[in-house]
Amino acid sequence: MLRVRGLSKRFGGVVAASGIDLEVEPGEILAVIGPNGAGKSTLLNLLSGLIRPDAGEITFLGQDLTYAPPEVRTWKGLGRAFQIVQPFPEMTVRENLLVGALYGKPGTPVQTAHRVVEQVLELTGLAPKAETEAGELTLLEDKRLELARALATQPKLLLLDEVMAGLRPAEALEAVALVQRIRTSGVTVLFIEHLMPVVRALADRVVVMDYGQVIAQGSYAEVAAHPKVRQAYLGRSA
Ligand SMILES: Nc1ncnc2c1ncn2[C@@H]1O[C@H](COP(=O)(O)OP(=O)(O)OP(=O)(O)O)[C@@H](O)[C@H]1O
Ligand SMILES: [Mg+2]
């Protein structure tokens, strides 16, 4: 579904991405983990088009999107939810999602957009909050809205950057169930996450980054036992 080859990006002297090779298979849930500053958000920013690579290629559903602007990626089905949630606070949840639905697929008839919004409200459990102004939501509801807004663009592949950050354990469990429902609804998921219990519960496959490189990939158990991965985590946190 997604193929990344040799993706590289430096910021001045910092090599944030260095020759990243990566594949995402349709229907899977893929976790990207790694210590602080490993380059995880940079990878997502490159994939969603917020920044441009110095080298490498991004192919999505057979099309080269390496230098495509962000909105074109959204139209092709590459959706993104942000760590820092920025809804339109004075608009209701429903209105926020309508913006996503209309923007995500230009030319979407308003009737269709309303139907998509209805489905997303149900899937994310936000239906009871549909007429609430986004500025009035709790942190947990905010995170749901951010996920819902991304879903309203009808992505085929959804990119998530630490959407569980700041949630309490019980809330994180709910969010895990939500991501599972999203996958069941037919959306492939690539997520960045620091909470290892979440990674273990959700990921079919784990990619580990350090210093801008992919240092290991495999099942949770495989990467957890990998010497390079242990070194990367112990080397920084110790
Ligand atoms: N826009 C930028 N300008 C300059 N340096 C940047 C920029 N974005 C990221 N970097 C640097 O690139 C490196 C990788 O950062 P990135 O945010 O991708 O890491 P991360 O794995 O997402 O870390 P975290 O777990 O803390 O979110 C870091 O050294 C960071 O300071
Ligand atoms: Mg990050």
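Rule-based calculations on the coordinates, nothing more; no lab input. The structure presented is a predicted model; accordingly, all values stated were derived computationally and were not measured. Here the Cβ positions follow ideal geometry from the backbone for every residue, glycine too, while neighbour counts run over all protein chains shown.
What would the Debye formula give as log10 I(q)/I(0) at q = 0.08, 0.09, 0.18 Å⁻¹ for the alpha-carbon point model of the chain, no solvent?
So the normalised log intensities are -0.29, -0.37, -1.40.
Charges only on Cβ, +1 for Lys and Arg, -1 for Asp and Glu: so what's the dipole of the stretch 71-230 about the Cα centre, in debye to the nearest 20?
Around 660 debye, computed over the stretch 71-230.
Per DSSP helix of 4 or more residues, -39500 (n - 2.57); summed, then divided by the residues of the chain. What does that give at 222 nm, rounded to the nearest 500?
-12000 deg cm²/dmol
To the nearest 10 degrees, how steep is helix 93-104 against the longest Cα principal axis of the chain, on a 0 to 90 scale?
With rounding to tens, the tilt is 60 degrees.
Students often forget the sequence filter, so: which lysines lie under 17 Å Cα-Cα from Lys156 once same-chain residues fewer than 8 apart are removed?
Of all the lysines, those that pass the test against Lys156 - Cα under 17 Å, at least 8 places apart if same chain - are Lys76, Lys105.
If I stretch the segment between Glu57 and Ala165 completely, what's the gain in nm (0.36 nm per residue apart, minus their alpha carbon distance), one decimal?
35.9 nm
Under the 0.36 nm per residue contour assumption, what length would be gained going from the current alpha-carbon distance of Gln231 and Glu71 to full extension?
53.7 nm
Which angle between 0 and 90 degrees, to the nearest 10, do you get for helix 169-184 versus the longest principal axis of the chain when only C-alpha atoms count?
It is inclined by approximately 80 degrees.
For Ala16, list long-range residues whose amide hydrogen, built 1.01 Å from N in the peptide plane, is under 5 Å from its own amide hydrogen.
Excluding prolines and chain starts, which carry no amide H, the hits are Lys9, Arg10, Phe11.
Can you tell me the orientation of helix 227-237 relative to the chain, as the angle in degrees between its alpha-carbon axis and the longest Cα principal axis, to the nearest 10?
70
Measure off 7 Å from each Cα along the Cα-to-Cβ vector at Met196 and Gln86, then give the distance between these two points in nanometres to one decimal.
3.4
If you filter the stretch 90-134 for GluC sites (Glu not before Pro), then keep DSSP loop positions with at most 16 other Cβ within 10 Å, what is left?
Of the GluC sites (Glu not before Pro), the ones in loops of the stretch 90-134 whose Cβ has at most 16 other Cβ atoms within 10 Å are Glu90, Glu131.
Suppose a student asked you for the relative contact order of the chain, using Cα pairs under 8 Å spaced at least 6 residues apart; what percent would you report?
Computed value for the chain: 27 percent relative contact order.
For the chain, give me the percentage of DSSP beta bridges that are antiparallel, rounded to the nearest 5 percent.
Approximately 55 percent, going by the DSSP bridge assignments.
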